[in-house]
Amino acid sequence: MRHDDHVPPETAEAPAALPADRFLNRELSWLDFNARVLELAEDDSLPLLERVKFLAIFASNLDEFYMVRIAGLKRRQSTGLTVRSPDGLTIREQLELVTARTQELVQRHSDVFNKDVLPRLEEAGIRIVHWDELEEQAALRLREYFRDQVFPVLTPLAVDVAHPFPYISGLSLNLAVSVRDPDTGAPRFARLKVPNNVPRFVPVGGADGTATFLPLEDLIAAHLPQLFPGLDVLDHHFFRVTRNADLEVEEDRDEDLLQALERELARRRFGPAVRLEVAEPMDPRILEVLISELEVSPDDVVHVPGLLDLAALWALVDLDRPELKDDPFVPVTHPRLSEGESPKSVFATLREGDVLVHHPYHSFATSVQRFIEQAAADPNVLAIKQTLYRTSGDSPIVNALIEAAEAGKQVVVLVEIKARFDEEANISWARSLERAGCHVVYGLVGLKTHCKTALVVRREQGVIRRYCHIGTGNYNPKTARIYEDLGILTADPRVGADLTDLFNVLTGYSRQTNYRTLMVAPHGIRNGLIEKIRREARNAAEGRPSGIRFKANSIVDERIIDALYEASRAGVPISLLVRGICALRPGVPGLSETIRVRSIVGRFLEHSRVMAFTNGGEAEWWLGSSDLMHRNLDRRVEVLMRVCDDRARTQLEETLDAAMQPGVRCWELGSDGSWERHDGRDYQAELTRRIHDLVG
């Protein structure tokens, strides 16, 4: 069964006293987040290739937004659903607003690349040229390259009564080519796909250290007569299609989930088109053909000045030009996990107390990864149980689990094969783990298992002891170097008992919903957080210390937002650090005067989720995998863990204090839904220096 992000739970009815316009639109709020990414690309105080990186991130973000969010809106529109979004907009109204905002951002994106970044790259000796700018010798070399490397993989596809309009794969770059028969004068139309297994930016070579590149589509366009011999090539235009990539797996207990998902993955590439990007200018007749054949609306057309698919700019970011990038970042080993240059036993360390690791500042390899690797190699370890949502292509975590199983340990791995865009990789990992003798399960019907948990069972002098990791980020050593995340390593017996119970829920038929130190969705997180928010409101009303601080990727859930409004009305000071979507309006008189919302977007992707409550002076700190969205609270297995270790709580408090201080570079959300940038100190750079200083 598929649920819908846009349909609020039935229990989310608004309290009568709260205004109807108290929510911001989530789709427009997401576009505001991507606009903040774009602002970093526009920031000429950043190193040049870092700006190029943010241009690429903006483009890939927008691709996924269309493949999932806009695709979802269009799917609901096609079914005739009349449900309005929480901010009162119809689906048509949302699509109209999103279309206008997207075209505005695409224009800005193209302008900063074409008018600012490209000239600066050329000054730095990095050039992107067109075919007619090439010198004769370079053109000769590239003609040979085209003949040997490109021409053999090209397939022109004619469109006529004998050749139906070809299938256009999602996110592929294409040429629409107009040709004419010189004998009859009859016009012809053909489609040519730019191959994605050839570098998008073809090295031209250059003197004096200049790195010059020709876009692959320019190279192909210059050689169209070779692809259509005997015909006159009249014109060509570049276009790109985005398709619905949101899977709809019907989960039936009588069907193997793995097989059902593999079937849907095969269907994904044939999803309906939701966006047509065209390079300006485009012949209106060609555009009309594309709109008709792709079955899109003229409103789905995005006009792009200059190059299409700037996500390909990652190739330039990878150039060996350190002077045009941020200084290299080197994570440090947590001081409690090493003795000088020697690694310590993670188990011995955890018997002395919890360890809070903060990635990417603390090394993932010498903390979480080492925890699993030491467990796999330790003869006293009896069992390892772990959830896997996303991991890297060459995963040391998976390799360690395989080694543990081959050594005779009991290894249970919950692999979430429905993790969007990682489905195929996770299916492959699941099969590798099964072949090694691991017990692999795929979670609960109707739910994604998104929590980040690991449990190690160890025999120590005849006694069984449990060691645990609970985090906010995936077990992925690659993203752990660029995503900001938090995790707790602990030997607390209460946490061990809770994780044992949770894995019994995930692998068996247990229906447990109450835990000692955890809140677990879909049953416990929303109600648990709302109860704690209301407790702060009671404390404020009674004159006791109160306060709420949340750090999350997104805050969308209407019931939690309404509870925050009620707490603000009671006088509770509330600080929200939200990287992405925020549907709450802060600073509205009589509604949210005590609430402030800040966003930090920088070198590292702020990804951790932390919830703090003053609780009358006995502060509570929670961290885990859950954002405050319907999908997390209703349709996923998520975990928030109460942080009980004093050192860990102090570290969390210092981190949030630093992020919310005045003078930090950030964006602040206004009551009208607009974000205002404030320049200042780089919070992430300050945190890097502080953690490195602590290590020595």
Handout entry: Rounded to 5, the percent of DSSP beta bridges in the chain classed as antiparallel
Key = 70 percent
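Based on the Cβ-Cβ distance of Ala124 and Ala365, what FRET efficiency does E = 1/(1 + (r/R0)^6) give at R0 = 45 Å, to the nearest 0.05?
It comes to 0.85.
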Fill in the blank from the handout: Sorted list, accessible surface of protein heavy atoms, 1.4 Å probe, largest first, for Phe151, Phe550 is Phe151, Phe550
Exercise for the section: Could you tell me what percent of the accessible area of the chain is made up of carbon and sulfur, with a 1.4 Å probe and every protein chain present? Expected result: 48 percent
Exercise for the section: Mind checking which lysines have their Cα closer than 23 Å to the Cα of Lys409? Skip sequence neighbours fewer than 8 apart in that chain. Expected result: Lys344, Lys385, Lys452
Completion exercise
Relative to the chain, whose Cα atoms define the longest principal axis, helix 91-111 and its Cα axis are tilted in degrees, nearest 10, by 70 degrees
Exercise for the section: Within the stretch 534-567, list the GluC sites (Glu not before Pro) lying in a DSSP loop whose Cβ has at most 12 other Cβ atoms in a 10 Å radius. Expected result: Glu542
Handout entry: Euclidean distance between Cα centres, the stretch 483-498 to the stretch 516-576, Å
Key = 22 Å
Handout entry: Entries of Lys448/Lys532; Lys74/Lys418; Lys53/Lys325 with Cα pairs more than 20 Å apart
Key = Lys448/Lys532; Lys74/Lys418
Completion exercise
Check: C-alpha center the stretch 306-375 vs C-alpha center the stretch 82-141, spacing in Å is 32 Å
Completion exercise
Applying the gyration tensor rule to the Cα atoms of the stretch 586-685 (axes a ≥ b ≥ c; rounded if a/c under 1.5, else prolate if a/b exceeds b/c, else oblate), the class is rounded
Exercise for the section: Taking 7 Å along the Cα-to-C-beta vector as the label spot, tell me the Glu136-Asp183 distance in nanometres, rounded to one decimal. Expected result: 3.7 nm
Exercise for the section: Can you work out the PRE-style zone for Leu382? Point 7 Å along Cα to Cβ, and I want the residues of the stretch 455-474 with backbone N under 14 Å. Expected result: 456-467
Problem - Partner aspartates and glutamates for Lys478 [C-alpha distance under 17 Å; skip if fewer than 8 residues away on the same chain] - result: Asp318, Glu373, Asp394, Asp422, Glu606
Exercise for the section: Working from Cα positions, state the angle (0 to 90°, nearest 10) between the long axis of helix 493-507 and the longest principal axis of the chain. Expected result: 50 degrees
Problem - Extended-chain gain in nm, criterion 0.36 nm per residue less alpha-carbon gap, Gln661 and Asp327 - result: 117.8 nm
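How much mean residue ellipticity at 222 nm does the chain get from its helices, if each DSSP H run of length 4 or more adds -39500 (n - 2.57) and you divide by all residues, to the nearest 500 deg cm²/dmol? Working shown, then result.
Numbers: 21 runs with 234 residues, N = 696.
The helix-only estimate for the chain comes to -10000 deg cm²/dmol at 222 nm.
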Exercise for the section: Using only the Cα atoms of the stretch 537-577, build the gyration tensor, take square roots of its eigenvalues as a ≥ b ≥ c, and label the shape rounded, prolate or oblate: rounded if a/c is under 1.5, else prolate if a/b is larger than b/c, else oblate. Expected result: oblate
Practice task
Provide the per residue accessible area, probe 1.4 Å, for the chain, rounded to a whole number of square angstrom.
Solution key: 42 Å²
Handout entry: Principal-axis tilt of helix 26-42 within the chain, Cα atoms, nearest 10 degrees
Key = 70 degrees
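The values are calculated or read from the model by the stated rules, or taken from the named source; none is laboratory data. As the structure is a computational prediction, the values presented were derived from the model and not from experiment. With ideal geometry, Cβ positions are generated from the backbone for all residues, glycine too; neighbour counts draw on all protein chains shown. Just the protein is used for accessible areas: all its heavy atoms, side chains included, with ligands, DNA and RNA removed. Shrake-Rupley method; radii C 1.70, N 1.55, O 1.52, S 1.80 Å.
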